[in-house]
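Take a look at the structure set out below.
Rule-based calculations on the coordinates, nothing more; no lab input. What you are looking at is a predicted structure, and each value in this text was computed from that prediction instead of being measured. Cβ placement follows ideal geometry from the backbone for every residue including glycine, while neighbour counts extend to all protein chains displayed.
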Amino acid sequence: MKKIVLIDMDGVLVELGDGPFSVNKNKKGFFLNNKPIKGAIDAFKELSKKYDCYIVTTPVWSNPHCWMEKRLWVEKHIGLEAKNRLILTHHKNLVKGDYIIDDTKNHGVDKFEGEHIHFGTDAFLGWHHVLDYLLY
Ligand SMILES: [Mg+2]
């Protein structure tokens, strides 16, 4: 059986646009129009060959568009590879998995049952570091 890898969106797959997040997070279109982080889409596809990959992201409660836009972003940038693999939750620790790739410890990451690959820290500054760790 393949091991399970959970992958965050904001700050991991998705490059958050300019300006303060506290303001942007409530704008319609913000979550749809952000670009992928360098190497993220290829990394998702590479990891999916070896692992059972899911996208686990916390939507902004105050912006219902965010929920829809995350779903549309996944289709637009990753496509069928990610179909039915999007999990929206404020409690990431309740999702089963061997690894979680996340840029924060928020929303239950600190209580996750598997290993936290802390994206953006010295050991995992970019996607190539994560692939080195999980594929080789
Ligand atoms: Mg994040």
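Data table
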{"item": "FRET efficiency estimate (nearest 0.05) - Cβ-Cβ, residue 89 to residue 42, R0 30 angstrom", "result": "0.70"}
{"item": "Residues of type aspartates and glutamates that residue 45 reaches as a straight line, Cα spacing below 13 Å, ignoring anything fewer than 8 places off in the same chain", "result": "81"}
{"item": "Spacing of the two label points (7 Å from each Cα toward its C-beta) at residue 129 and residue 111, in nm", "result": "2.8"}
{"item": "Alpha-carbon centroids, segment 2-68 and segment 79-136: separation in whole Å", "result": "11"}
{"item": "For the chain, convex hull of alpha carbons as volume per residue, Å³", "result": "105"}
{"item": "27 Å Cα-Cα threshold exceeded, pairs from 25/50; 70/105; 27/96; 2/27; 3/28", "result": "25/50; 27/96; 2/27; 3/28"}
{"item": "Net charge of Cβ neighbours under 12 Å - reference residue 98; Lys, Arg +1; Asp, Glu -1", "result": "+1"}
{"item": "Percentage relative contact order, segment 4-135, counting C-alpha pairs under 8 Å, at least six apart", "result": "28"}
{"item": "For the chain, with +1 on Lys and Arg beta carbons and -1 on Asp and Glu, the positive-most of 11, 133, 94 along the dipole", "result": "94"}
{"item": "Candidate aspartates and glutamates - alpha carbon under 12 Å from residue 38, same-chain residues fewer than 8 apart omitted", "result": "15"}
{"item": "Total charge dipole magnitude, segment 1-85, about the Cα centre, Cβ charges on Lys, Arg, Asp, Glu only, Debye to nearest 20", "result": "200"}
{"item": "Selected from 18, 110, 42 as most flexible by GNM, with the chain as the system and alpha-carbon contacts under 10 Å", "result": "18"}
